[in-house]
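Q: Attaching a single structure in structure tokens format; questions to follow.
The values are calculated or read from the model by the stated rules, or taken from the named source; none is laboratory data. Since the model is a prediction, treat every value here as computed from it, not as a measurement. Positions of Cβ are backbone-derived with ideal geometry, glycine not excepted, and every protein chain shown enters the neighbour counts.
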Amino acid sequence: MTADRFAALHTPAGKAALDAADDLADVDPLTAASALRSQGVDPALAATALTQARLRRRAAAKFGPDAARMFFTANGLEQATRPVVAARRAARLREAGVDSVADLGCGIGSDSIAFARAGLRVHAVEADPETAAVARANVDALGLADMVTVACGMAETADLSVVDAVFCDPARRSGTGRRVFDPASYSPPWTFVSGLPEKVPATVLKLAPGIDHVLLPPGAEAEWVSVDRELVETAAWCGPLAKVTRRATVLTVSGAASAAELVGTGERQAPVGPVRRYLYDPDPAVVRSHLVAEFAATVEGNLADPTIAYVYADRATDTPFARRLEVVDVLPFSVKRLRATLRAAGVGRVEILKRGSAVDPHQLRRDLRLAGNAAEVLVLTRVGGAQTVLRCRA
């Protein structure tokens, strides 16, 4: 999408084309394009409008009702912060006394929107002209233009003297859209990103969930955030914003919305003991933040292997930090023995979880050749260093 094509969407003809495209977003692309052209819509404008309409449909899962008024690029939508995460970040900055924030690498504007809605004045910067135009359009569409300015430029040259805090979300994809795993290849580069707390102490960095812990700025609070058990980001809260050493934030948006936080140092060791009646599979935010020991203490649990993040306990405790299963059998791993045991129990459907096992779950499911009516959860893991399979029920 060129700047001219995007600008055309904001003309009366473009708005009419976008309204018509919204009604055709679920129709076959060729049929939809033909229908728009039959209404006298320019072919290029029709293609741009249909692309936006389809992106809005996809965005509804992430942005809810706002998606119908917003604009997107495919990469921008994929990389945008989920609003529930952005809103919590904005609220925390507001509670810390921040009045203005620089959003460096603002993308399509998800975090800038959340900051503005929390009452913060936002100076947003985006290097890509097309993406900056989309961010500006989103700010306008949501009625936040008086709180947010969007500049197309390099984060490295942004004037940080006019803000209380900095939020930086470096691009972690190459120009071709491929993921970048080396922080040195981030844009802006890691040398600039990691140095931001020295320029503005109240800095928050949004980083990849799998970032090496040793790269986190000294003294920063490291927060791992999950949404519906999907690990979505690491945030480094620097300077006066740091409250604890490690934090796991577990958010649920499907069904009953909820939020829970677990904090600690990441250095505590969980006790090691036997497999017990209940197995707790910790949320990925808990695992990645190295707060499994802190979680185990909340359910009076232990590990069965010091290197495997499954927690076992004698009692059933409702917790937002883990999925709970009931262990019904513990077997040394053997496909032949497992097949015979499951067939004898009438099990025909299995969900397979694993930690510390090299077994391919898809191949195992084929090898088991089950045909019963009952369902179980199989957990492939290690117990005291030995390969083990746990038969469980939810």
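Q: Limited to the range 140-165, what total is found for residues that are under 24 Å from E95 (Cβ atoms), surrounded by fewer than 23 Cβ atoms within 10 Å (Cβ to Cβ) and touching a residue at least 24 places away in the same chain (Cβ under 8 Å)?
A: 8
Q: With respect to the numbered conditions (1) within 32 Å of the chain's Cα centre (by Cα); (2) assigned to a strand (DSSP E or B), which one is the sole condition not fulfilled by A316?
A: (2)
Q: Does Y310 count as aromatic (F, W, Y), closer than 16 Å to T388 by Cβ and under 30 Å from the mean Cα position of the chain (by Cα)? Write out each step before concluding.
A: Numbers: aromatic (F, W, Y): yes; closer than 16 Å to T388 by Cβ: yes; under 30 Å from the mean Cα position of the chain (by Cα): yes.
Yes; evaluated as a whole, the condition is true for this residue.
Q: Scan A141, A96, A118, A135 and give me the residue that is of a type outside the set (D, E), in the same structural domain as P209 (by TED's automatic domain parsing) and touching a strand residue (DSSP E or B) at 6+ places or on another chain (Cβ under 6 Å). Reasoning before the result, please.
A: Values: A141 fails: touching a strand residue (DSSP E or B) at 6+ places or on another chain (Cβ under 6 Å); A96 fails: touching a strand residue (DSSP E or B) at 6+ places or on another chain (Cβ under 6 Å); A118 fails: touching a strand residue (DSSP E or B) at 6+ places or on another chain (Cβ under 6 Å).
Selected residue: A135, the only one of A141, A96, A118, A135 that is of a type outside the set (D, E), in the same structural domain as P209 (by TED's automatic domain parsing) and touching a strand residue (DSSP E or B) at 6+ places or on another chain (Cβ under 6 Å).
Q: Within the range 74-91, count every residue that is touching a helix residue (DSSP H, G or I) at 6+ places or on another chain (Cβ under 6 Å) and closer than 19 Å to E130 by Cα.
A: 4
Q: Would you tally the residues in the range 16-43 being surrounded by 13 or more Cβ atoms within 10 Å (Cβ to Cβ) and either of a type in the set (A, V, I, L, M, F, W, C) or closer than 22 Å to A132 by Cα (or both)?
A: Going through the range 16-43 one residue at a time, the tally reaches 13.
Q: Could you tell me whether the range 59-70 includes any residue that is surrounded by 15 or more Cβ atoms within 10 Å (Cβ to Cβ), touching a Pro at 6+ places or on another chain (Cβ under 8 Å) and among the aromatic types (F, W, Y)?
A: Scanning the range 59-70, I find at least one residue that is surrounded by 15 or more Cβ atoms within 10 Å (Cβ to Cβ), touching a Pro at 6+ places or on another chain (Cβ under 8 Å) and among the aromatic types (F, W, Y), so the answer is yes.
Q: Shifting gears a bit: Residue under question is G109, and the condition is that it be on the phi > 0 side of the Ramachandran plot, surrounded by 15 or more Cβ atoms within 10 Å (Cβ to Cβ) and small (G, A, S); does it hold? Give the derivation first.
A: Details: on the phi > 0 side of the Ramachandran plot: yes; surrounded by 15 or more Cβ atoms within 10 Å (Cβ to Cβ): yes; small (G, A, S): yes.
For G109, the condition - on the phi > 0 side of the Ramachandran plot, surrounded by 15 or more Cβ atoms within 10 Å (Cβ to Cβ) and small (G, A, S) - is met.
Table: residues versus (1) crowded, with 22+ Cβ neighbours inside 10 Å; (2) under 30 Å from P197 (Cα atoms); (3) of a type in the set (K, R).
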position	(1), (2), (3)
A242	no, yes, no
L251	yes, yes, no
A256	no, no, no
G266	no, yes, no
A270	no, no, no
P274	no, no, no
A309	yes, no, no
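So that you can scan it fast, the table gives a plain yes or no per residue for (1) over 17 Å from R246 (Cβ atoms); (2) outside the structural domain of G385 (by TED's automatic domain parsing); (3) in contact (Cβ under 8 Å) with a residue 12 or more places away in the chain:
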{"site": "G273", "(1), (2), (3)": "yes, yes, yes"}
{"site": "P282", "(1), (2), (3)": "no, no, yes"}
{"site": "L303", "(1), (2), (3)": "yes, no, yes"}
{"site": "T307", "(1), (2), (3)": "yes, no, yes"}
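Residue-by-condition table, conditions (1) touching a Lys or Arg at 6+ places or on another chain (Cβ under 7 Å); (2) at pLDDT below 95; (3) over 20 Å from V227 (Cα atoms):
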site: E78; (1), (2), (3): no, yes, no
site: E95; (1), (2), (3): no, no, yes
site: S100; (1), (2), (3): yes, no, yes
site: H123; (1), (2), (3): no, no, yes
site: A132; (1), (2), (3): no, no, yes
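Q: Working only within the range 1-21, note down all residues that are assigned to a helix (DSSP H, G or I) and at pLDDT below 85. Working first, answer last.
A: Let us first name the residues in the range 1-21 that are assigned to a helix (DSSP H, G or I), namely 3-8, 12-21.
Result: A3, D4, R5.
Q: Looking at this structure, is A297 hydrophobic (A, V, I, L, M, F, W, C), surrounded by fewer than 19 Cβ atoms within 10 Å (Cβ to Cβ) and under 20 Å from R246 (Cα atoms)? Talk me through it step by step, then tell me what you get.
A: Numbers: hydrophobic (A, V, I, L, M, F, W, C): yes; surrounded by fewer than 19 Cβ atoms within 10 Å (Cβ to Cβ): yes; under 20 Å from R246 (Cα atoms): yes.
So A297 fits the description; yes.
Q: Go through (1) in contact with a Cys (Cβ under 7 Å, 6 or more places away or on another chain); (2) part of a loop (DSSP other than H, G, I, E, B); (3) not acidic (D, E) for L205 and report which single condition fails.
A: Of (1) in contact with a Cys (Cβ under 7 Å, 6 or more places away or on another chain); (2) part of a loop (DSSP other than H, G, I, E, B); (3) not acidic (D, E), only one is false for L205: (2).
Q: Of all residues in the range 357-391, count the ones that are in a strand (DSSP E or B), charged (D, E, K, R) and under 30 Å from the mean Cα position of the chain (by Cα). Working first, answer last.
A: If we filter the range 357-391 for residues that are in a strand (DSSP E or B), which is where we start, we get 374-383, 386-391.
Next, only the ones that are charged (D, E, K, R) stay: 376, 382, 391.
The next check asks that each one be under 30 Å from the mean Cα position of the chain (by Cα); those that pass are 376, 382.
Qualifying residue count, the range 357-391: 2.
Q: Then there's this: Cβ-Cβ distance below 8 Å, separation of 6 or more or different chains: which pairs start in the range 36-60 with a residue that is more than 13 Å from A16 (Cα to Cα) and not assigned by TED's automatic domain parsing to the domain that holds V134 and end on one that is surrounded by fewer than 19 Cβ atoms within 10 Å (Cβ to Cβ) and of a type outside the set (A, V, I, L, M, F, W, C)?
A: Close Cβ pairs satisfying both conditions: P43/R37; A44/R5; R56/D22; R57/D26.
Q: Could you tell me how many of the residues in the range 3-18 are over 17 Å from R37 (Cβ atoms) and aliphatic (A, V, I, L, M)? Don't jump to the end; show me each part of the working.
A: Within the range 3-18, the subset over 17 Å from R37 (Cβ atoms) is 3-4, 6-7, 10-12, 15.
Narrowing the set further to residues that are aliphatic (A, V, I, L, M) leaves 3, 7.
Of the residues in the range 3-18, 2 are over 17 Å from R37 (Cβ atoms) and aliphatic (A, V, I, L, M).
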